[in-house]
Amino acid sequence: MTHAGTTAPTTAPTPPGADLPEHQESLWRSAEPKRSYDVVIVGGGGHGLATAHYLAKLGITNVAVLEKGWLAGGNMARNTTLIRSNYLWDESAGIYEHALKLWEGLEEDLGYPILFSQRGVLNLAHTEQDVRDSVRRVEANKLNGIDAEWLDPDEVAKVCPIVNVSGDIRYPVQGATFQARAGIAKHDYVAWGFARRASEAGIDIIENCEVTGFVADGDRVTGVRTTRGDIAAGTVALCAAGHTSVLLDMLGVPAPLQSHPLQALVSELLEPVHPTIVMSNAVHVYVSQAHKGELVMGAGVDTYNGYGQRGAFHIIERQMAAAVELFPVFARAHLLRSWAGVVDVTPDASPIVGATPYENVFLNCGWGTGGFKATPGLGWAFADTVAHGRPHPLVAPFGLDRFVTGALVDEHGAAAVAH
Amino acid sequence: MQLIACPWCGPREEIEFSYGGQAAVAYPADPASLSDEQWARFVFFRDNPKGPFAERWVHSAGCRRWFGAVRDTRTYEFLSVGPLSATTARTSVLPEATP
């Protein structure tokens, strides 16, 4: 607007926003369901989309990804985006380290920015037993070719100067493991990148399509019933995370899963203060700082079973108490928002991947509080499993039968709280 | 934080209670005869319904007594509370798995 007495602009005024780029094209096709697919993936989160992407690389593209809500709107939208591979046992090292190697090349593979930032992770030790367990895990990691080192408190302070390493806190920091290759990524971009690639390859991504039942014929499932009609399937791949039990109840397949709320929160945007990721199992908190500047913090699960995508406030209160003790500089930060996802927890804190009693139904669940970091590795191995009709060696140790044989992969020490 | 109605103490804050998981899981009548498959079911497998769930709770920071509850896992609303024996009888409200 030109006011009297001021100089009129030399060019015609433009409407607000005219200099902004056009709304970009959709990253994936919104497909109508066909009546039949070679592979039907149930669950359009990170794992389902990654499985679709790697199936396409194997030349299998007559595939549908069914998502009951919107794409990547469940745990993929709610996790704290931590990526690391410093688990204790060989079986876990295999799948998580494979995933980390794929993360390191994923931006190039997807042709899409995922803001993968390898800023390292500190796992703090607060007791003598913590120290012994941590040193053992560092050595186990090294034997598996995973980068790991043990740091004393002074070295911890060099990596992350804002951690309180003084002796006057309730649980003093006695040292930490450090994996320099660990990092964070922008979870939405990861999902969108996988969805774009899968869609380009001809895979149908179908949102607002909830599976309501299965059509079985003996030991085969011939199709899925959905809110958008029946869809025939050559093979069914379940990637439904916290809602896996709901699907398995429809199939009559029992699994040792308990679904819990898991809460996380972010602060307001702050100047960069936190250069790495810090996790503490003992005091139940893990913290990183997102690219935009929010402090992202997660806690342990709410103890009761719950599908409500919300949790109790006292869990957040305890988490904040732990965070402020470890990071006094956070004391005046404001909580911006908190939320919860539904995580499927197993008795040994390891996932369940592989065969089911139905010969053409494959299961991927039980990642509990830490499935995001496995996204590309799981997608790669699960696609191979689905394509060849048998568990890929990287996921073979994680079959449902381990609860009968007793060959558990106990990762409570590396996974129970902190992810 | 929600209030949980302890059958003996009345409504108290959730933080006073601890969760005990699925109610009415019977110990095997003849343990020596169980197969590995049956032991796996008893040790590791519990129902995980989306909806009403018969559970055990304990009033840890109060009377320290166990009790039974039926709680909706979608809304977290307690539909009923009572002695464990009463919850055992309510296990039939669990949705049946459709094979």
**Q.** Inter-label distance, nm, simple model (7 Å from Cα along the C-beta direction), B:A32/A:H334
**A.** 6.9
Q: Determine the sum of side-chain charges near A:G406: Lys and Arg each +1, Asp and Glu each -1, restricted to other residues whose C-beta is under 13 angstrom from that of A:G406.
A: -4
Q: For A:E317, tell me the accessible area in Å² from a 1.4 Å probe, rounded to the nearest 10.
A: 110
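Magnitude of the Cβ-charge dipole of region A:302-383, K/R +1 and D/E -1, about the Cα centre, nearest 20 debye?
360
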Q: Return the single residue from A:V224, A:V138, A:V253 with maximal mean-square fluctuation; model: Gaussian network over chain A, springs between Cα atoms under 10 Å.
A: A:V253
Q) Which residue, A:L257, A:L336, A:L102, has the most motion in a Gaussian network model of chain A that connects Cα atoms within less than 10 Å? A) A:L336
Q: Would you be so kind as to identify which of A:L265, A:V278, A:H412 lies farthest towards the positive end of the dipole of chain A, taking Lys and Arg as +1 and Asp and Glu as -1 on Cβ and the Cα centre as origin?
A: A:L265
**Q.** Förster radius 60 Å - calculated FRET efficiency between A:T14 and B:L79, Cβ distance, rounded to 0.05
**A.** 0.50
Q. If one computes the Cα centroid of region B:24-77 and of region A:179-242, what distance in Å separates the two points?
A. 31
**Q.** Geometric extent, Cα atoms of region A:366-419 - Rg, Dmax (angstrom)
**A.** 12.3, 34
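From the protein chains alone at 1.4 Å, what is the descending order of accessible area for A:E108, A:E91, B:E77, B:E55, largest first? Display every interim value, and only then the final one.
Values: A:E108 160, A:E91 70, B:E77 105, B:E55 0 Å².
Output order, biggest surface exposure first: A:E108, B:E77, A:E91, B:E55.
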Q.
Among the listed pairs A:K101/A:K142; A:K57/B:K50; A:K68/A:K101; A:K57/A:K142; A:K57/A:K101; A:K57/A:K373, which have their C-alpha atoms separated by more than 24 angstrom in this model?
A. A:K57/B:K50; A:K68/A:K101; A:K57/A:K142
Q) In terms of modelled amide H atoms, which long-range or inter-chain residues lie less than 5 Å from the amide H of A:Q289? A) A:V296
(Q) For a quick check: with amide H placed at 1.01 Å from N, whose amide H comes under 5 Å from B:G51's, ignoring anything fewer than 5 positions away on the same chain? (A) B:T73, B:R74
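Relative contact order of chain A, please, whole-number percent, based on alpha carbon pairs below 8 angstrom and at least 6 residues apart. Working shown, then result.
Working: 951 pairs, mean separation 93.7, N = 419.
It rounds to 22 percent for chain A.
So for A:Y189, A:Y112, what's the accessible-area order with a 1.4 Å probe, most first?
On the way: A:Y189 65, A:Y112 35 Å².
Sorted descending by solvent-accessible area, the residues read A:Y189, A:Y112.
Before rounding to the nearest 500, sum -39500 (n - 2.57) across all DSSP H runs of length at least 4 in chain A and divide by the residue total; then give [θ] at 222 nm in deg cm²/dmol.
Numbers: 11 runs with 113 residues, N = 419.
The helix-only estimate for chain A comes to -8000 deg cm²/dmol at 222 nm.
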Q: Calculate what fraction, in whole %, of the accessible area of chain B sits on carbon and sulfur atoms when a 1.4 Å probe is rolled over the protein chains.
A: 52
Q: Apply the Karplus parameterisation 6.51 cos²θ - 1.76 cosθ + 1.60, with θ equal to phi minus 60°, to every residue of region A:30-43 and state each ³J(HN,Hα) to the nearest whole Hz, in sequence, with x for glycine and proline.
A: 8, 8, 7, x, 7, 7, 7, 9, 5, 10, 10, 9, 9, x
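To the nearest 100 Å², how much accessible surface do chains A and B cover up together, summed over both, with a 1.4 Å probe? Spell out each step's value before the answer.
Details: alone 18470 and 6680 Å², together 22810 Å².
Approximately 2300 Å² gets buried when A meets B.
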Q: Assign one of three labels to region A:249-331, namely rounded, prolate or oblate, based on the Cα gyration tensor with a ≥ b ≥ c the square roots of its eigenvalues; rounded applies when a/c is under 1.5, prolate when it is not and a/b is larger than b/c, and oblate otherwise.
A: prolate
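Quick check: net charge around A:I205, other residues with Cβ under 10 Å of its Cβ, Lys/Arg +1 and Asp/Glu -1?
Values: positive: A:R29, A:R196; negative: A:E67, A:D204, A:E207.
Net charge around A:I205: -1.
Accessible area per residue of the protein assembly as shown at 1.4 Å probe, in Å²?
On the way: 22810 Å² over 518 residues.
Ligands and nucleic acids excluded, the result is 44 Å² per residue.
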Q) Can you give the relative contact order of region B:25-69 as a percent, counting alpha carbon pairs under 8 Å and 6+ residues apart? A) 24
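Sequence gap at least 6, Cα distance under 8 Å: using those rules, report the relative contact order of region A:195-270 to the nearest whole percent. Don't jump to the answer; show the numbers that get you there.
Values: 63 pairs, mean separation 13.4, N = 76.
Dividing the mean separation by the residue count of region A:195-270 yields 18 percent.
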Q.
Please compute the alpha carbon radius of gyration of region B:1-68, then divide it by the globular-protein estimate 2.2 N^0.38 Å. Two decimals is fine.
A. 1.41
Q.
Just want the answer: with Cβ charges of +1 for Lys and Arg and -1 for Asp and Glu, which residue in B:Y27, B:S80, B:W8 is farthest toward the dipole's positive end in region B:1-94?
A. B:W8
Q | Gain on full stretching of the segment that runs from A:E139 to A:T127 - 0.36 nm per residue minus C-alpha separation | A | 2.5 nm
Q. So which cysteines in chain B don't have a second cysteine's C-beta under 4.7 Å from them?
A. B:C63
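Mind checking the alpha-carbon convex hull of chain A and giving the volume per residue in Å³? Let's see the in-between values first.
Values: hull volume 74.7 nm³, N = 419.
Each residue corresponds to 178 Å³ of Cα convex hull volume.
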(Q) For a test of the definition: using alpha carbon positions, the gyration tensor, and the 1.5 limit on a/c, classify region A:301-399 as rounded, prolate or oblate. (A) prolate
(Q) Along the charge dipole of region A:337-406, pointing to its positive end and built from +1/-1 on Cβ of Lys, Arg, Asp and Glu, which listed residue (A:L394, A:N364, A:T375) has its Cα farthest out? (A) A:T375
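Under a Cβ-only charge scheme (Lys and Arg +1, Asp and Glu -1), can you give me the dipole magnitude of the protein assembly as shown about the Cα centre, in debye to the nearest 20? Show your work: numbers first, answer last.
Values: 40 positive and 56 negative charges, 146 e Å.
The dipole magnitude comes to about 700 debye.
Of all beta bridges DSSP finds with both residues in chain A, what is the antiparallel percent, to the nearest 5? Walk me through the intermediate numbers first.
On the way: 47 of 67 bridges.
Around 70 percent antiparallel, to the nearest 5.
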Q: Determine how large the accessible area of B:E13 is when every protein chain is in place; take a 1.4 Å probe and give Å² rounded to the nearest 10.
A: 100
Q: Rounded to the nearest Å, what's the spacing between the alpha carbon centres of region A:67-86 and region A:369-417? Just the number, please.
A: 17
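Can you give the extra length, in nm with one decimal, that the chain gains between A:A321 and A:A216 once fully stretched, where that is 0.36 nm per residue apart less the Cα-Cα distance?
Extra length from A:A321 to A:A216 when fully extended: 32.7 nm.
Would you calculate, for chain B, the mean residue ellipticity at 222 nm contributed by helices, counting each DSSP H stretch of 4 or more residues as -39,500 (n - 2.57) and dividing by all residues, to the nearest 500?
On the way: 2 runs with 16 residues, N = 99.
For chain B, the value works out to -4500 deg cm²/dmol.
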Q) Among A:L143, A:L295, A:L55, whose mean-square fluctuation peaks in a Gaussian network model of chain A (Cα, cutoff 10 Å)? A) A:L143
Q) What accessible surface, in Å², does a 1.4 Å probe find on A:H388, ignoring ligands, DNA and RNA and rounding to the nearest 10? A) 110
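The values are calculated or read from the model by the stated rules, or taken from the named source; none is laboratory data. The shown structure was predicted, so the numbers you read here are calculated from the model rather than taken from an experiment. A quick note on method: Cβ atoms are made from the backbone with ideal geometry, for glycine too, and the neighbour counts reach across all protein chains shown. Just the protein is used for accessible areas: all its heavy atoms, side chains included, with ligands, DNA and RNA removed. Shrake-Rupley method; radii C 1.70, N 1.55, O 1.52, S 1.80 Å.
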